[in-house]
Structures are given as C-alpha cells and as structure tokens.
1. Take PRO40 and decide whether it is open to solvent by 50 Å² or more (accessible area, probe 1.4 Å) and either assigned to a strand (DSSP E or B) or touching a residue at least 40 places away in the same chain (Cβ under 8 Å) (or both).
2. Within the bounds of region 180-192, is there any residue that is more than 21 Å from ARG34 (Cβ to Cβ), surrounded by 20 or more Cβ atoms within 10 Å (Cβ to Cβ) and not acidic (Asp, Glu)?
3. Which condition number in (1) part of a strand (DSSP E or B); (2) without any contact (Cβ under 8 Å) to a residue 12 or more places away in the chain; (3) small (Gly, Ala, Ser) is the one that GLY148 fails?
4. Taking region 266-291 as the region of interest, how many residues are among the aromatic types (Phe, Trp, Tyr), in a helix (DSSP H, G or I) and open to solvent by less than 50 Å² (accessible area, probe 1.4 Å)?
5. Being under 16 Å from the mean Cα position of the chain (by Cα) and on the phi > 0 side of the Ramachandran plot is true for just one of SER169, SER109. Which residue is that?
6. Taking the conditions exactly as written (more than 30 Å from SER169 (Cβ to Cβ) and either out of contact with any strand residue (DSSP E or B) (no Cβ under 7 Å at 6 or more places or on another chain) or assigned to a strand (DSSP E or B) (or both)), does GLU130 satisfy them or not?
7. Residues being more than 13 Å from THR104 (Cβ to Cβ) and free of Cβ contacts under 8 Å to residues at least 60 places away in the same chain: count how many of those fall in region 14-34.
8. Take the residues of region 144-154 that are open to solvent by less than 20 Å² (accessible area, probe 1.4 Å) and in contact with a Lys or Arg (Cβ under 8 Å, 6 or more places away or on another chain): which is nearest to MET250 (Cα to Cα)?
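The values are calculated or read from the model by the stated rules, or taken from the named source; none is laboratory data. In this text the structure is predicted, and so the values were computed from the model without any measurement. Neighbour counts are summed over all protein chains in view; Cβ atoms, including those assigned to glycine, are modelled from backbone coordinates with ideal geometry. Each accessible area value is taken on the protein alone, full model and side chains, heavy atoms only, with ligands, DNA and RNA left out. Shrake-Rupley method; radii C 1.70, N 1.55, O 1.52, S 1.80 Å.
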Amino acid sequence: MSSKYHLPAGTSADGPYDVLVTPESAGWGYSGLRILALGPGEAHALSTGDSEFLVLPLHGGCTVTVGGQSFELDGRQDVFASVTDFAYLPRESEALISSALGGTFALPSARTGRSSRSARYGAKKNVPIELRGAGACSRQVNNYCLPGTFDAEQLLVCEVLTPGGNWSSYPPHKHDEARPGVESELEEIYYFQVSGNGNGFGYQRVYGTPDRPIEVLAEVRSGDTVLIPHGWHGPSIAAPGYDLYYLNVMAGPGQDRAWLICDDPAHGWVRNTWDMQDIDDRLPFGAEENE
C-alpha cells in the first residue's frame, strides 16, 4: 500500500541531505529531520533558523563548531553498535559540522518560538538505555532528548532498536490530541535503518480514528522515512533475521514539553502479558560498547 507518508530512501534527498523533511514538506508545523552524509574531510554549514537541532551521529564522528565553541563527537560504528554522544543547537545558530573520517549524521529539529537554551554537548554515558516490553515485544529505547533526560525547548528524540522477528511500537498508540496529563499533541517522524547489507526489511503501520482517517502499511528498508501527522501508529515489525532501527523525532504546539501517549484500547491489554514473559536476551544491543 503506497502512501504520501512513506518516503522510500532517496525520494526526499536534497543537496547534501540524504533525507530532508521540513515542516513545510511534511505539511505540518513543527517536526523536521535531515540526514547528512559527509565524506572524509568534508564539512557542512548549518543555519538553524527558527528551529532547534540535535547533531546525532549514525555512523562516524564529527566536530560541531557553534558560537565560538567546538564539540568533538566521537560517534559510533553504526546504530546497532552503541549509543552515541551528540550536540544540541538552539534556534538562530550558525554551526559548522566537519568530519575528518566521514560519516552520516541525523539532524532532528523542532520549530520553536523560544530560545532559552545554549548550544551544548550530550555525553554518551548520560544517555538512558531502556529495555521495553517483553517476549516478542522486547525492544531497546535510547532516550536522547526527552523530558527528564535532556533539556530542550520542544524537541523530543529517541531511538528504538528491535531484534529480528520482534514487534515494537506495540500496542499501537497515538499522541495527536492535547489532553493535559493524558495525551500530548505531537507530530512524529520515523527514520529507519535495517541490518542485512541492503536485504533487510520491516513493516510500519499507521491507521486513523473515524474522524481523522489515515492509512499506511509500508515495507521499510534502510534510509526510508515515515511521517505520522496523527493517528494510531504501530506495530513496527522487524522481519526475522533482520534487526530494525528507527529514529523518532517529535514536536508539537504544546507549551509544556511532554510525551504522553494513549494506547489503542483494542490492543492495550497486551501490556498486561509482559509480566509473564522474559525480555529478549539479545538485548541490549552493543552492551559492551555502551558501558
């Protein structure tokens, strides 16, 4: 099932970016993502404009120079090897991202009218790694930039890693209504990588409510992006033999930076079964590298 919300690898490339999603291109107001590939010795000038950004290495390391400061990001071998250090860039910043050895860097962003935070470094050792679910719903969540893990204006960023054959983003959930203490209004971007040297694949499901229909059932491969403006999303399914990674970028209009979700009531009962199952022993990914 094809959809304007599924952007296969290469279809949203623009200039130096393998992926370029802006609020304008997505047709919404806040969330954005750029995937920047740099060859050895290359550099890229980034103007943040009206958005705050993270510089999050997917492969390789880089130096981020902004406002008279330089942050050395050691990065990582790949997204399954370990978490990574990262840098935060406030709105109205001019930054230079350079890489001596080359690499690929995610630049998640959120449009914001506030600018009370300064550019700063996020250490790898301070990134909380959460093992969520159990059994075939076991997955790993790297909580880079969420409330309580790293301070930002409106940007929310995490990574989810799912062993081959498992389901994540399950039970399906949504966050498209502002209901204080219950649910946040957040646009979301999923950016995927899959193990398997180009052969790996997974599936992503998004479906709507009666008053706001949306239908996505996408086979996803490395470099694909899925846009979720509203609706229930999940499951994200890793095909047996192929581990699934996705980067989540979220932002919305709420003045309180919060990530509050509501399960689809038809499937929320699944959470109650996890107490009777063990967490998949393939998790966490890169346990030795993360220490």
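1. Yes; evaluated as a whole, the condition is true for this residue.
2. Yes.
3. Result: GLY148 fails condition (1) only.
4. Step one: filter region 266-291 for residues among the aromatic types (Phe, Trp, Tyr), giving 269, 274, 285.
Then drop every residue that is not in a helix (DSSP H, G or I), which leaves 269, 274.
Cutting the leftovers down to open to solvent by less than 50 Å² (accessible area, probe 1.4 Å) gives us 274.
The qualifying residues number 1.
5. After ruling out the rest, the residue left standing is SER169.
6. Against the criterion (more than 30 Å from SER169 (Cβ to Cβ) and either out of contact with any strand residue (DSSP E or B) (no Cβ under 7 Å at 6 or more places or on another chain) or assigned to a strand (DSSP E or B) (or both)), GLU130 does not qualify.
7. So the count comes out to 6.
8. GLN154
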